Amino acid sequence: MAIQKPEGTEDLLPVDERFYRHFVDTAARVFGRYGYEPIETPLFEQTELFVRGIGESTDVVGKEMFTAISGNNLKTLLDGGKIRSKSRLSLRPEGTAGVVRAIAQHGLAPQGGAPAKLMYAGPMFRAERPQKGRLREFHQVGVECIGADAPSIDAEGIIMLMRFYEEIGLPRENMRLLINSMGDEACRPAYRESVRSYIMEHASDMCEDCQRRADINPLRAFDCKEEGCSAIMANAPKIPDALCDSCKSHYEQVKAYLDAAGIEYIEDPTLVRGLDYYTRTVFEIQVDIEGMGSQSAIGGGGRYDGLMKEVSGKEAPGFGFAIGYERCKIALEAAGVEVASQKQTDLFIACVDDSTRAAGFMLAQQCRDAGLAVEIDHQNRSLKSQFKLADKLGAAKVAVLGPDEAANRQVSLRDMATHEQQPVAFDELVSAVRA
RNA sequence: GUGGAUAUGGCCUAGUUGGUUAGGGCGCCAGAUUGUGGCUCUGGAGGUCGAGAGUUCGAAUCUCUCUAUCCACCCCA
């Protein structure tokens, strides 16, 4: 049996790779206008980072992390031994924790200094059952801003994200921006407790999942799709009523900035993110296009003012979001947006017979050294099929090299679009192709 | 983790109640006179019908097991 790719992974083929780079480049360009600079952190971190940062009770940490382990340590574990905590490693299930760790470790957000604004792009890993828009290895582009607690940072980030979608070509009419505030450590615990006890009161009428959620993460009950549960949760205590004054004020200001920027949004008091570190502002971008599948969230994020302390022991407010690459791609394709860019071949060198192949080879090399994308036949094809190949490669020009041309140190340069063909000296070839 | 579906040459697929050399389309390769592409025409190569076992005179087709993929739940981007 041939070996296949692991479950839930995708090969980015050349055509996919071109688009992926376009996607990342577009993000870098847009985010760069807002002061975000690229960073790359390890694909794996100490497991402890994710456990503390994302939260032990979350599904992501509780059951979806891939453990990375060396062969020796695996043996030790299988033999019933223990390994040091720094050897307990996990593939990153999301990007925020690692970036925040790096910021803390390198002092990129010194106290009182300007906020650190960083962006990342790369693969994330979650051991879920794959389906449309959900892979075990998937790609995210995201940003993190550490060190500023002003609501303008939240608004700026959300606006920036919407600008990115605009630039990549997603139709605004198919997207909706949901926002909410989850409160902070001053008001969320009490609110959380009130929801928990509300669920407990109605537990007998709710699904098993929600009863389980009551203790683990009661706010997630708002997301339940069971009709009975959503009816009950409709009357549950709402976050906006429970926010403390400073959270309320922060939320109002974020909305005011968005209003001023003309960004349309939907306030959704039931929007809760599944990662524990979120505080105050949370948001999510959903798309609604035929063929999208059931994974409609293409981006999401929010404020996480407590994460830095959890990771490094030092206080620093944070804000960030992540964009799901694969889901965006599905959305773009569903919206009929052309996403693949064409391969570029400037010149194809066609050799009429074997006597000119050596000269053709050298000529191709010289043109490449001068910066042209050049292809040449390596299968001893006939001249006719070399032309077919050139056509398939999308070559703009073909240089025909036969005994006649070679004798004069020339090629017959054909423009594939206009069909015009004229003799060009070897030395003039590069400039003639560029013309 | 739970549930449903699917698995036929590089890709998409036909295959009726099990019955001769598994059919088609795309793609690929080669030709259509002398050194030239995209269209058309002609010809050609390429398949142990996901793997293994079973039923049968006979299995792509029926049964079982396994594997993989897709879709949905859950959860998240």
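None of the figures in this text is laboratory data; all of them are computed from the coordinates on show. Here the structure is a predicted model, which means the values were calculated and not measured. All Cβ positions, glycine included, derive from the backbone under ideal geometry; neighbour counts span all protein chains shown.
Being over 30 Å from A:LEU178 (Cβ atoms) and touching a Phe, Trp or Tyr at 6+ places or on another chain (Cβ under 8 Å) holds for only one residue in A:LEU347, A:LEU372, A:LEU363, A:LEU271, and it is A:LEU363.
A:TYR198 falls short of the stated requirement of being more than 16 Å from RNA strand B (Cβ to nearest atom), closer than 22 Å to A:VAL282 by Cα and either touching a residue at least 24 places away in the same chain (Cβ under 8 Å) or among the small types (Gly, Ala, Ser) (or both). Regarding A:GLU128, is this residue surrounded by fewer than 20 Cβ atoms within 10 Å (Cβ to Cβ) and of a type in the set (Asp, Glu)? Against the criterion (surrounded by fewer than 20 Cβ atoms within 10 Å (Cβ to Cβ) and of a type in the set (Asp, Glu)), A:GLU128 qualifies.
The rows are residues; the columns are (1) among the hydroxyl-bearing types (Ser, Thr, Tyr); (2) assigned to a loop (DSSP other than H, G, I, E, B); (3) in contact with a helix residue (DSSP H, G or I) (Cβ under 7 Å, 6 or more places away or on another chain); (4) on the phi > 0 side of the Ramachandran plot.
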position	(1), (2), (3), (4)
A:LEU178	no, no, no, no
A:ALA186	no, yes, no, no
A:TYR198	yes, no, no, no
A:SER204	yes, no, no, no
A:CYS210	no, no, yes, no
A:ARG213	no, no, yes, no
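Among the residues of the stretch A:146-161, those that are buried (at least 21 other Cβ atoms within 10 Å of the Cβ) and within 16 Å of RNA strand B (Cβ to nearest atom) comprise A:ASP154, A:GLY157, A:ILE158, A:LEU161. Just one residue in the set A:GLU156, A:GLU166 is outside any strand (DSSP E or B), without any contact (Cβ under 8 Å) to a residue 12 or more places away in the chain and farther than 30 Å from A:GLU7 by Cβ; that residue is A:GLU166. Whenever a residue of the stretch A:20-41 is over 22 Å from A:LEU170 (Cα atoms), its partners that are not in a strand (DSSP E or B), lying with C-beta atoms within less than 7 angstrom and at least six residues away or across chains, give the pairs A:PRO38/A:ALA28; A:ILE39/A:VAL99; A:ILE39/A:ALA102; A:THR41/A:GLY98; A:THR41/A:VAL99; A:THR41/A:ALA102. In the set (1) within 20 Å of A:PHE125 (Cα to Cα); (2) without any contact (Cβ under 8 Å) to a residue 40 or more places away in the chain; (3) hydroxyl-bearing (Ser, Thr, Tyr), A:SER85 fails one condition alone, (1).
A single entry from A:ASP268, A:ASP305, A:ASP245 fulfils the requirement of being under 17 Å from A:ILE54 (Cβ atoms) and more than 17 Å from the chain's Cα centre (by Cα): A:ASP305. For the stretch A:233-263, the set of residues classified as under 16 Å from A:ARG192 (Cα atoms) and away from RNA strand B (no atom under 15 Å from the Cβ) consists of A:ALA234, A:ASN235, A:ALA236, A:PRO237, A:LYS238, A:ILE239, A:PRO240, A:ASP241, A:ALA242, A:LEU243, A:CYS244, A:CYS247, listed by residue number. Number of residues in the stretch A:191-223 that are of a type in the set (A, V, I, L, M) and more than 18 Å from A:LEU271 (Cα to Cα) equals 3.
The single condition among (1) in contact (Cβ under 8 Å) with a residue 60 or more places away in the chain; (2) assigned to a strand (DSSP E or B); (3) of a type outside the set (Val, Ile, Thr) that A:MET124 does not satisfy is (1).
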